[in-house]
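Peer 1: To start, I am sharing the structure in question, which I have written as structure tokens.
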Amino acid sequence: MRFLKILKNQGEQVRQELIASNLLSNDYPIIAEGQFILIPVKSHYKDYAVVEMDAEKRPPQYATLKESLKDILTEEQLNDLVTSFDIIGDIAIVEIPESLKSEENQIGKALLKVHKNVNCVFKKLSAMEGEYRIRKLSHIAGENRTETTYREHGIDMKLDVSKAYFSVRLSHERGRIADLVKPREKILVLFAGVGPFALVIAKKHPDCRITAVELNPEAVRYMKENIALNRFNIEAIEGDAKQFAGTGYDRIIMPLPHSAHEFLDVAIKAAKPRATIHYYAIVGSEDPVENAMQKIPPGLKLVSSKIARPYSADLVQVVLDMIKS
Ligand SMILES: C[S@@+](CC[C@H](N)C(=O)[O-])C[C@H]1O[C@@H](n2cnc3c(N)ncnc32)[C@H](O)[C@@H]1O
């Protein structure tokens, strides 16, 4: 069996990334080995060291959600089961197709058995919607609680999954941006949510001055709590990014992929000459960079781009890294 050998203090972070990428193998347990942990995987992941070794499988009845439900659901129902889901802290958020509505409590209970770190299970009632990009949820098993603490890049973040946007799938992207930051930069995070981009950067670069702007008062309340929890010095501003009038920033992050283009004027004014702007957009998966570039005004030069994450069958979230000329 193939395992990734990861330093213990990075283990939870990598495990979350593997779940999000559907690369974690649930058939085998995670094994502790001195200062490392060995995580069973379906394939190589990034540049992490891979170890091939024999290991004892988990008891088969709890190996996967599907297997643990095979005596409860019919063959047809098992085929309808959506086996990928998000785990944020100790909360799992699942999709239950209409055909499985009557079985949702059983599915939630099975998930609690398979994922020992999950204590609360909710089902999605809507897509991320509205100005605050929040999803409607309904409780199906475990504790009926929507507040949790999620750990990423060595940072604890408290949040309420029903009151503020959060995505574990952007964890890798947050690490990528933090790696690009240079000493003593002045950084602006627009659409900051509960603060993940600002917090991950602050952890890696305590000498940077960071300002984070967010409209949703509940998200700002958690962001301020997270700043205090991690003892960082980040300026958190509650308000509309359209009204932001600060200037002289070296780096600006714009994670509002459905409408970031409406705020490019604010970002360009806030940016110093030669500043970097990280701009996120959801676009068709064919020619995503060309699609996203259509909304970019002259005066911003593209230096690199990548797919930050798949979004749906034919859409992707792309990030454009641009320099102000
Ligand atoms: C896609 S979420 C990203 C949140 C956070 N950066 C993250 O990665 O978890 C976009 C965020 O922008 C906020 N938002 C939407 N319109 C805004 C505006 N005009 N000014 C400031 N924040 C806004 C929403 O409330 C939401 O929290």
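Taken together, the values in this text are just the output of simple stated rules run on the coordinates, not laboratory data. Worth saying up front: this structure is predicted, and the values here are computed from it rather than measured. Cβ coordinates were reconstructed from backbone atoms using ideal geometry, including for glycine residues, and neighbour counts include every protein chain displayed.
Peer 1: Excluding Cys208 itself, calculate the net charge of residues whose Cβ lies under 12 Å from the Cβ of Cys208, where each Lys or Arg counts +1 and each Asp or Glu counts -1.
Peer 2: Summing Lys and Arg as +1 and Asp and Glu as -1 gives +3.
Peer 1: Something else: Tell me, what ³J(HN,Hα) does each residue in the range 141-151 have, in order and in whole Hz, if you take phi through Karplus 6.51 cos²θ - 1.76 cosθ + 1.60 with θ = phi - 60° and put x for Gly and Pro?
Peer 2: 6, x, 5, 8, 9, 10, 8, 8, 10, 10, 10
Peer 1: What is the distance in Å between the Cα centroid of the range 239-284 and that of the range 176-216?
Peer 2: 13 Å
Peer 1: Same structure, new question: Give the Kirkwood hydrodynamic radius (Å, one decimal) of the range 61-145, defined as one over the mean of 1/r across all pairs of different Cα atoms.
Peer 2: 13.1 Å
Peer 1: Right, something else. For a distance above 14 Å, tell me the whole-number percent of Cα pairs in the range 2-57 that qualify.
Peer 2: 45 percent
Peer 1: To continue, here is another question. Given contacts defined as C-alpha pairs under 8 Å and at least six residues apart, what's the relative contact order of the range 175-325, whole-number percent?
Peer 2: 19 percent
Peer 1: Ok, one more. What percent does the relative contact order of the chain come to when contacts are Cα pairs within less than 8 Å and at least six residues apart?
Peer 2: About 10 percent, as a whole number.
Peer 1: In addition: Compute, for the chain, the length of the dipole vector about the Cα centre, with Cβ point charges of +1 (Lys, Arg) and -1 (Asp, Glu) only. Units Debye, rounded to 20.
Peer 2: 1140 debye
Peer 1: Quick one: Karplus J couplings for the range 121-135, per residue in order, coefficients 6.51, -1.76, 1.60, θ = phi - 60°, nearest Hz, x for Gly and Pro?
Peer 2: Once rounded to whole Hz, the list reads 10, 10, 10, 6, 9, 7, 7, 4, 9, x, 4, 7, 6, 10, 9.
Peer 1: Right, another one. Report the net charge of residues surrounding Val319, where surrounding means a beta-carbon distance below 12 angstrom and charges are Lys +1, Arg +1, Asp -1, Glu -1.
Peer 2: Counting the neighbours of Val319, the net charge comes to +2.
Peer 1: List the trypsin sites (Lys or Arg not before Pro) within the range 199-248 that DSSP assigns to loop and that have no more than 14 neighbouring Cβ atoms inside 10 Å.
Peer 2: Hits after loop and neighbour filter: Arg231.
Peer 1: May I ask for the Rg/Rh ratio of the range 237-284, computed from Cα atoms with Rh as the Kirkwood radius, given to two decimals?
Peer 2: Answer for the range 237-284: 0.97.
Peer 1: I want the local charge near Ile282. Using Cβ-Cβ distances under 12 Å, sum +1 for each Lys or Arg and -1 for each Asp or Glu among the other residues.
Peer 2: Summing Lys and Arg as +1 and Asp and Glu as -1 gives +2.
Peer 1: Calculated FRET efficiency, Asp240 and Val82, Cβ-Cβ r, R0 56 Å, to nearest 0.05?
Peer 2: 0.95
Peer 1: Something else: Take the chain, compute every pairwise Cα distance, and split them into 10 Å bins from 0; I just need the percent in each bin.
Peer 2: Each 10 Å bin holds this share of Cα pairs: 5, 24, 32, 25, 11, 3, 0.
Peer 1: Beyond 20 Å between alpha-carbons counts as too far, so tell me which of Lys46/Lys116; Lys203/Lys272; Lys182/Lys324 fall in that bin.
Peer 2: Listed pairs above 20 Å: Lys46/Lys116; Lys203/Lys272.
Peer 1: At 0.36 nm per residue, minus the direct Cα-Cα distance, what do Glu218 and Gln294 gain on full extension? Give it in nm, one decimal, please.
Peer 2: The Glu218-Gln294 span can extend by a further 24.0 nm.
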